[in-house]
Amino acid sequence: MPEGWQKISEALLRCNSCGFCMAGCPIYKVTGIEWAVARGRLALIRSVLDGELRLSELAEPLFNCLACNGCLDHCPPGVLTDEIILEARAELVKERGQSWIQRLIFHRLLPNPSRLKKATRLLSWLQASGLRTAARGLGLTRLMGDAGRAERILPPTPLGRALTGVPAPRPERPSYRVAYFVGCAGANLTPQVAQAAVRVLNRHGVEVVVPDFVCCGMPPYTYGDVESALGLARKNVELARSLQVDAIITTCASCGSLLKRYPDLLAEDPERSAQANALANKVRDISEFLVDIGLVPEMGALRHRVTYHDPCHLGRFQKVTGQPRQILQSIPGVEFVEMAESNMCCGAAGSYSLGHYDLSMKVLARKLENVARTGADLLVTCCPACSLQLAHGVREHGLKVRPTELVELLDRAYRAA
């Protein structure tokens, strides 16, 4: 039995088919389909091992999973369903290969930030030229299926660099020196978040350096392209070796989650295993880091009723839940209201909507119902994918709440002082 299947077989033994996972699965909640819940998916994978099904028949059950691990919150034996799903995806990719677009993104763009930036500039030009609007009007985007509809989630894409125009790059007497892992989304889609993060860190006497990290590897990893993910991880580990910093800061929940898992990814790489551990031990979400060093109290009052969405990769995978709330409650004038199911996936899951737009929107609608019940005028989160998804949902549903990133709100408070 191949090594990947051996891992899957051993992990499957932990599932006792109790069905408690139904309570935490966003896909099951909006479909009611048995194979959409962890118990059902694992039973199908077991059928492949038993020779009753071909792996190729499981493409949809494997790839319509959000891999949010909501099932784990309710699982008595603690089955790591996401790891089983990702292993099975990797085996499927070995069997059937990848699409040309995945090969382009994973093999050509993500390992090379300059190429990725050029692709982003092309997208920005298409948006500014009006071709995007024209394509929608002519119905051309419908020819692209789910991906054509999901393009509406993308914001107007900026042309400049993520950290252009950030003032005070180095405090006079810095108390800490950190490396900022900006991430693909921060560098190309949400540069305002990266700029706010540096300003906030500077306000705390933190010197920020921005190394030439590549993609963390999360996109290929979740699509079953483990080799591409490993290649990106190795590049980042090598780069981190020479960094003399107190911490590696992230403002992307997905990046932080995978960076902290590098020791597992590179466990079989004797040359980089120790380096992966050293890197992972320094990774901190910006909310973790700020609470650890102590928030600078000089903030201006912001009159907002605020609720918070826990990104899966921050709350569930990194166990960072209290720190964002502590920061929100420290901002003068902010009334914090907890929403129901705050840790339920919003349906973003990276690029999930590109292949499962309708399911993604159904999961998002449930999230937005809970948001609306709070009466909040600000919806805060700590993940660019979640932010873009939530902003899209707010526009589509006509809600009067504004999504924003935690670090942007904190930056506003400091600038209002």
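Brief remarks on what is shown
Okay, residues lined up against (1) in contact with a Leu (Cβ under 9 Å, 6 or more places away or on another chain); (2) of a type in the set (D, E, K, R); (3) surrounded by fewer than 22 Cβ atoms within 10 Å (Cβ to Cβ):
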position	(1), (2), (3)
298	no, yes, yes
304	yes, no, yes
346	yes, no, no
360	yes, no, no
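- Exactly one residue out of 36, 11, 43 is in contact with a Phe, Trp or Tyr (Cβ under 6 Å, 6 or more places away or on another chain) and either at pLDDT below 95 or surrounded by 15 or more Cβ atoms within 10 Å (Cβ to Cβ) (or both): that is 36.
- Qualifying positions in the stretch 321-341 - under 17 Å from residue 407 (Cα atoms) and β-branched (Val, Ile, Thr): 321, 327, 331, 334
- Candidates 34, 95, 91: the one that is without any contact (Cβ under 8 Å) to a residue 12 or more places away in the chain, farther than 23 Å from residue 314 by Cβ and not hydroxyl-bearing (Ser, Thr, Tyr) is 34.
- Residues of the stretch 283-292 include at least one that is farther than 27 Å from residue 371 by Cβ and under 17 Å from the mean Cα position of the chain (by Cα).
- Some residue of the stretch 380-389 being surrounded by fewer than 19 Cβ atoms within 10 Å (Cβ to Cβ) and touching a residue at least 24 places away in the same chain (Cβ under 8 Å): no
- The stretch 14-33, residues that are small (Gly, Ala, Ser), under 27 Å from residue 367 (Cβ atoms) and exposed (fewer than 15 other Cβ atoms within 10 Å of the Cβ): 19, 23, 32
- A residue that is part of a helix (DSSP H, G or I) and either within 17 Å of the chain's Cα centre (by Cα) or at pLDDT 95 or above (or both) occurs nowhere in the stretch 332-348.
- Number of the condition not met by residue 105 [criteria: (1) at pLDDT below 60; (2) under 22 Å from the mean Cα position of the chain (by Cα); (3) within 19 Å of residue 352 (Cβ to Cβ)]: (1)
- Residue 196 meets each of the listed conditions (1) in a loop (DSSP other than H, G, I, E, B); (2) over 24 Å from residue 355 (Cβ atoms) apart from (1).
- Residues that are charged (D, E, K, R) and touching a strand residue (DSSP E or B) at 6+ places or on another chain (Cβ under 9 Å), drawn from the stretch 306-360: 310, 325, 335, 338
- Residue within the stretch 69-80 that is touching a residue at least 60 places away in the same chain (Cβ under 8 Å), among the β-branched types (Val, Ile, Thr) and closer than 20 Å to residue 351 by Cβ present: no
- Cross-chain or 6+ apart pairs with Cβ under 6 Å, the stretch 102-117 first and in contact (Cβ under 8 Å) with a residue 12 or more places away in the chain and within 17 Å of residue 187 (Cβ to Cβ), then assigned to a helix (DSSP H, G or I) and among the hydrophobic types (A, V, I, L, M, F, W, C): 116/109
- Subset of the stretch 186-199 that is surrounded by 24 or more Cβ atoms within 10 Å (Cβ to Cβ) and touching a residue at least 60 places away in the same chain (Cβ under 8 Å) - its residue that is farthest from the chain's Cα centre (by Cα): 196
- Single residue of the stretch 362-377 satisfying the filter (among the aliphatic types (A, V, I, L, M) and touching a Cys at 6+ places or on another chain (Cβ under 9 Å)) that is surrounded by the fewest Cβ atoms within 10 Å (Cβ to Cβ): 368
- Single residue of the stretch 74-102 satisfying the filter (modelled with pLDDT under 90 and among the hydrophobic types (A, V, I, L, M, F, W, C)) that is surrounded by the fewest Cβ atoms within 10 Å (Cβ to Cβ): 100
- Long-range neighbours under 7 Å by Cβ, at least six apart or interchain, first residue without any contact (Cβ under 8 Å) to a residue 24 or more places away in the chain and within 27 Å of residue 81 (Cα to Cα) within the stretch 305-330, second among the charged types (D, E, K, R) and not in a strand (DSSP E or B): 321/310
- Residues that are touching a Ser or Thr at 6+ places or on another chain (Cβ under 9 Å) and charged (D, E, K, R) within the stretch 104-123 comprise just one, 121.
The values are calculated or read from the model by the stated rules, or taken from the named source; none is laboratory data. These numbers were taken from a predicted model, which means no experiment stands behind them. For neighbour counting, all protein chains shown are included, and Cβ atoms are generated from backbone atoms with ideal geometry for every residue, glycine included.
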